[in-house]
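Structure record follows, encoded as structure tokens.
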Amino acid sequence: MINEILDDAKIRMEKSVESLKSELMRLRTGRANTGLLDSIKVDYYGSPTPLSQVANINVQDARTLSVQPWEKNMMQLIEKAILESDLGLNPMSAGEVMRIPIPPLTQERRLDLVKIVKHEGEGGKVAVRNIRRDAISHIKELLKDKDISEDDERRAEEQVQKLTDSHVAIIDTLLKEKEEELMEI
């Protein structure tokens with residue numbers, strides 16, 4: 001029973017870390033990255049559809065993305081969706097391909113992005129700590145129901161804490177790497 005609780009907590013903590021990784025991937029670093037456009041939804045025949053499902057997205061060079069819609073009539077809708085996003089990108093249509101230059105980041109914008117990174121990281125840490133709290137409450141229920149001894153409870157809580165500490169350390173490492181990437185000129 002304790003192993004099931006620990007395995008569940010580990011899986012949930014890993015999912016929290018993966019979620020944070022995908023959030024950090026969306027933050028612009030001044031370099032072209034196809035993950036930058038992952039959050040953009042295009043009105044595709046009345047339903048909001050991820051951009052990656054209606055067009056090919058490629059990195060043309062270090063500061064340019066190219067978007068090639070699968071249907072020619074989607075060009076204006078894709079351009080509108082990119083302009084309306086909060087990414088601050090300005091796409092340029094060139095026939096059947098849309099080019100999106102990635103402007104260099106200003107120092108002020110870099111500092112704003114670092115604040116956002118820290119906020120996202122804190123959210124990830126809170127999620128991991130909530131998972132720890134849930135796991136420990138399940139362990140305490142087992143003790144209350146007399147399914148485990150107090151020694152087993154203490155050992156299990158220590159294991160949950162070690163899991164939590166390792167995942168928080170992973171989150172700290174991710175945040176530090178992203179901050180360095182953002183502040184790089």
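The values are calculated or read from the model by the stated rules, or taken from the named source; none is laboratory data. Just so we're clear, the structure is a prediction, and the values are computed from it rather than from any experiment. Virtual Cβ from ideal backbone geometry, glycine too; neighbours counted across all protein chains shown.
Quick look at the numbers
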quantity	calculated
Test: residue in segment 8-19 that is surrounded by 17 or more Cβ atoms within 10 Å (Cβ to Cβ), outside the structural domain of Gly123 (by TED's automatic domain parsing) and touching a helix residue (DSSP H, G or I) at 6+ places or on another chain (Cβ under 9 Å)	no
Filter result for Ala62 (of a type in the set (A, V, I, L, M, F, W, C) and either at positive phi or not assigned by TED's automatic domain parsing to the domain that holds Leu20 (or both))	yes
Strands (runs of 3 or more DSSP E) contained in segment 11-117 and holding at least 2 residues free of Cβ contacts under 8 Å to residues at least 24 places away in the same chain	47-50, 55-61, 92-94
Failed item, numbered, when Lys162 is tested on (1) surrounded by fewer than 15 Cβ atoms within 10 Å (Cβ to Cβ); (2) not in a helix (DSSP H, G or I)	(2)
Residue among Ile131, Ile171, Ile136, Ile148 that is outside any helix (DSSP H, G or I) and buried (at least 18 other Cβ atoms within 10 Å of the Cβ)	Ile148
Residue list for segment 70-103, restricted to those being more than 21 Å from Lys41 (Cβ to Cβ), exposed (fewer than 11 other Cβ atoms within 10 Å of the Cβ) and modelled with pLDDT under 85	Ala94, Gly95
Residue within segment 156-169 that is of a type in the set (Lys, Arg) and at pLDDT below 90 present	no
In segment 30-51, residue surrounded by the fewest Cβ atoms within 10 Å (Cβ to Cβ) [restricted to those that are more than 19 Å from Gly88 (Cα to Cα) and out of contact with any strand residue (DSSP E or B) (no Cβ under 6 Å at 6 or more places or on another chain)]	Gly46
